[in-house]
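**Student:** I'd like to ask you about the structure that follows.
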Amino acid sequence: MSYDLKGKRVWVAGHRGMVGSAIARRLKSESCVVLTVDRSDVDLKDQTAVRTWITKARPDAVFVAAAKVGGILANDTYPADFLYDNLVIEANVIEGSFRAGVEKLLFLGSSCIYPKFAPQPIVESALLTGDLEPTNEWYAIAKIAGIKLCQAYRKQHGADFISAMPTNLYGPGDNFDLNSSHVMPALIRKAHEAKTRGDKDLTVWGTGKPLREFLHVDDCADACVHLMKCYSDVEHVNVGSGEDLSILELTRLVCEVVGFKGGIVHDLTKPDGTPRKLMSAAKLRSTGWRPLIALEEGIRSSYNWYLETGLQTQRVQTGD
Ligand code: GDP
């Protein structure tokens, strides 16, 4: 099966986000027309606005990268927003795409859809086999519903809608706000600030023992375009690097790249979350795709992006 993007009108829903912007960048090397719409023009939570826009824009293919995302604390603090916003956005975009005759759609989720104690590395068939991690179950339930929507439209209407579940992503466009970010950007910022201030220590949330897998967002975008072109089936596909490391090991690596030479202390009032979250990369590898950006190289490019762009945004936001 192969879906040719040449000459197609391709809508990237959520093009301002980290993943959406990476997909839009990646699509520049395909001979297709990239469609985007700003939140100020179309609110994806507004069903009528979404339907009207899709009917006018006539996309052939859609990447659903629009979502309300956040780290462990944000998920735990705003459960209603994480569940409602994500359910409504994906329902509107998927249903609107079906009505408008979209030929191919790729829905993006996350590795948190899997049970907290799923055997590792987690294979796609582990979905719905056990209880979710409570700190992010709201987001996870919404993303599971998105996978099911794609499967339902395929089953009932024969729609070629597929789903990809990326692991923890990082890279340009990441959220460096310490209260809502994921661990990678948080550590990059903390190490940079600790180095700049000449601090003795850097504080890591939790025990540092949980294991996490990371993938650079440009690798993820490449995998999504690859799947859009060559995958067409009911089951979602994991998108990961296939390797994990502990939060403490990650902290040491980030400190090395950033150049912070102080110690590491733990804030045990913060949650650890799920103990391990490594996805099996076997299914994606069997389609012929491999990641290209090694972790250290990715952290370096992410730190450079933070210095060049992220810090400016931060200064504007805080008025520094
Ligand atoms: P998760 O993968 O859904 O648990 O989300 P996160 O990326 O937010 O957190 C991953 C792990 O990193 C958890 O064990 C956190 O406790 C840990 N962690 C350590 N320091 C930080 C930090 O400064 N910010 C965040 N978000 N997580 C941290």
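**Student:** Projecting each Cα onto the charge dipole of the chain (Lys/Arg +1, Asp/Glu -1 at the beta carbon, about the Cα centre), which of Ala186, Thr135, Val88 comes out farthest on the positive side?
**Tutor:** Checked the options; the winner is Val88.
**Student:** Viscosity 0.692 mPa s, temperature 37 °C: Stokes-Einstein D of the chain from its Kirkwood Cα radius, in µm² per second?
**Tutor:** 163
**Student:** Taking R0 as 35 Å, what FRET efficiency do you get between Ser286 and Asn179 from their Cβ-Cβ distance, rounded to the nearest 0.05? Spell out each step's value before the answer.
**Tutor:** Numbers: r = 40 Å, r/R0 = 1.13.
Here the calculated transfer efficiency is 0.35.
**Student:** Only four residue types carry charge here, +1 at the Cβ of Lys and Arg and -1 at the Cβ of Asp and Glu. Report the dipole size of region 198-308 about the Cα centre in Debye, rounded to the nearest 20. Please report the intermediate quantities before stating the final value.
**Tutor:** Values: 13 positive and 17 negative charges, 46 e Å.
That gives a dipole near 220 debye.
**Student:** Using a Förster radius of 25 Å, what is the FRET efficiency between Asp131 and Glu249 based on their Cβ-Cβ separation? Nearest 0.05, please.
**Tutor:** Calculated transfer efficiency: 0.35.
**Student:** Further, regarding this structure: Using only the alpha-carbon atoms of region 137-247 as identical scatterers, what base-10 log of I(q)/I(0) does the Debye formula give at q = 0.11, 0.13 Å⁻¹?
**Tutor:** For region 137-247 at q = 0.11, 0.13 Å⁻¹, log10 I(q)/I(0) is -0.50, -0.65.
**Student:** Then there is this: Of the options Pro115, Gln156, Val34, report the single residue whose Cα projects farthest towards the positive end of the charge dipole of the chain (beta-carbon charges: Lys, Arg +1; Asp, Glu -1).
**Tutor:** Val34
**Student:** Express in nm, to one decimal, how much length is gained between Glu103 and Ala49 on full extension, taking 0.36 nm for each residue of separation and deducting their alpha carbon distance.
**Tutor:** Details: separation 54, 0.36 × 54 = 19.44 nm, distance 2.08 nm.
Residue separation times 0.36 nm, minus the Cα-Cα distance, leaves 17.4 nm.
**Student:** Which aspartates and glutamates have a Cα less than 15 Å from the Cα of Lys229, not counting those fewer than 8 places away in the same chain?
**Tutor:** The reachable aspartates and glutamates, counting only those whose Cα sits under 15 Å from Lys229, are Asp4, Glu30, Asp60, Glu103, Asp160.
**Student:** Quick one: go through region 17-34 and flag any residue whose amide nitrogen is under 20 Å from the point 7 Å out along the Cα-to-Cβ line of Glu308.
**Tutor:** 17-29
**Student:** Could you check which residue among Ala65, Ala24, Ala49 shows the biggest mean-square fluctuation in a GNM of the chain with a 10 Å Cα cutoff?
**Tutor:** Ala49
**Student:** Any chance you could run the full-extension gain for Leu211 through Asp81? It's 0.36 nm times the residue separation minus the Cα-Cα distance, nm to one decimal. Walk me through the numbers on the way to the answer.
**Tutor:** Working: separation 130, 0.36 × 130 = 46.80 nm, distance 2.70 nm.
Contour length minus the Cα-Cα distance gives 44.1 nm.
**Student:** Identify the residues of region 171-187 with backbone N under 16 Å of a label point that sits 7 angstrom from the Cα of Asp267 along the Cα-to-Cβ direction, or state none.
**Tutor:** So the set is 176-187.
**Student:** Here's something else I'd like to know. Over the chain, with a Gaussian network built from C-alpha contacts below 10 Å, which listed residue (His236, His216, His157) shows the highest mean-square fluctuation?
**Tutor:** Top of the fluctuation ranking is His157.
**Student:** Another one. Charges at C-beta only: +1 for Lys and Arg, -1 for Asp and Glu. How large is the resulting dipole of the chain about its Cα centre, in Debye rounded to 20? Intermediate values should be presented prior to the final figure.
**Tutor:** Working: 38 positive and 39 negative charges, 105 e Å.
Once rounded to the nearest 20, the dipole reads 500 debye.
**Student:** In region 130-210, what trypsin sites (Lys or Arg not before Pro) fall in a loop by DSSP, with at most 10 other Cβ atoms inside 10 Å?
**Tutor:** Hits after loop and neighbour filter: Lys200.
No lab work stands behind these numbers, since they all come straight from the coordinates. Note that the structure is predicted; figures quoted are calculated from it, not measured. Positions of Cβ are generated from backbone atoms using ideal geometry, with glycine treated the same way; all protein chains shown enter the neighbour counts.
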